[in-house]
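A short write-up of the structure that comes next.
The values are calculated or read from the model by the stated rules, or taken from the named source; none is laboratory data. Small disclaimer: the values here were computed from a predicted structure and weren't measured. FYI the Cβ positions are ideal-geometry reconstructions off the backbone, even for glycines, and counts take in every protein chain you see. Ligands, DNA and RNA are excluded from the accessible area calculation, which covers all protein heavy atoms including side chains. Shrake-Rupley method; radii C 1.70, N 1.55, O 1.52, S 1.80 Å.
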Amino acid sequence: MVTLHSVTREVKSLAQKTPLRREQAALTRARIIEGATAMFEARGYEGARIEDIASEASVAVPTVYKVFANKRNLLKASVEAAIRGGEAGEVERQAWFREQLEEPTAEGQLRLIARNARRMYDRAGQLLEVVRAAAASDTDIEALWRGINDERLGRARTSASRLASKAKLRTTVGEAARTLWVLSVPELYVLQIHTGGLNPDDYERWLGDLLVAALLGD
């Protein structure tokens with residue numbers, strides 16, 4: 001016989017289980033993303049099989065499909081996680097981005113832009129190269145790559161506008177934004193670190209010096 005007491009007890013039990021289930025689901029999702037990132041970086045988009053990603057994440061193959069539906073969604077989630085670096089919310093609202101906007105000097109802001117590019121590409125540089133390579137043959141991934149670059153350009157415009165309020169620039173705000181956007185592309189980081197013999201500190205110093213020389217007057 002179902003009583004009010006038994007129903008209340010069941011409702012309370014379910015309420016207690018729900019946060020735990022959400023936590024477990026979040027941990028599973030994070031583990032899959034971590035495994036996928038390792039596989040994408042090691043084997044590229046085409047070479048990373050769902051079966052290998054599941055094995056790397058210590059989950060069943062159907063779990064990967066249940067959480068992400070397909071490999072494209074998994075690549076997108078992996079890139080977003082790497083770019084954000086564990087911080088919640090859009091990149092434009094994160095503390096490191098706000099810090100460079102609020103830096104009082106123009107040179108200081110450019111040095112912070114170089115530092116932030118280095119930190120982001122430390123995490124996401126190789127994965128972004130996977131997206132760039134896969135975009136050539138997959139229209140959905142091409143849209144993802146275009147979106148990533150559009151967001152970078154938007155941040156560059158915001159940064160250039162703030163930069164112009166602090167110092168006289170060598171060029172227009174629009175051209176300064178394009179300079180920031182082009183010189184901080186992830187491809188240059190990956191090329192220099194993995195082929196050109198620079199370490200991340202060298203890259204940060206190189207980019208900072210280049211931005212200062214390109215954008216600020218004497």
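One table, with the values for the structure above:
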| read-out | value |
| --- | --- |
| Residue list for the stretch 96-132, filter: assigned to a helix (DSSP H, G or I), at pLDDT 95 or above, surrounded by fewer than 19 Cβ atoms within 10 Å (Cβ to Cβ) and of a type outside the set (D, E, K, R) | 101, 108 |
| One residue from 167, 177 being assigned to a helix (DSSP H, G or I) and either at pLDDT 95 or above or more than 22 Å from residue 45 (Cα to Cα) (or both) | 177 |
| Hey, residue 151 touching a strand residue (DSSP E or B) at 6+ places or on another chain (Cβ under 7 Å), outside any loop (DSSP other than H, G, I, E, B), of a type in the set (D, E, K, R) and in contact (Cβ under 8 Å) with a residue 40 or more places away in the chain or not | no |
| Filtered residues of the stretch 42-70 (kept if open to solvent by 40 Å² or more (accessible area, probe 1.4 Å) and part of a helix (DSSP H, G or I)) | 42, 43, 46, 51, 55, 56, 61, 62, 63, 65, 66, 67 |
| Subset tally (residues that are open to solvent by 50 Å² or more (accessible area, probe 1.4 Å) and closer than 12 Å to residue 211 by Cβ) for the stretch 148-187 | 3 |
| Test: residue in the stretch 110-118 that is under 21 Å from residue 78 (Cα atoms) and not hydrophobic (A, V, I, L, M, F, W, C) | yes |
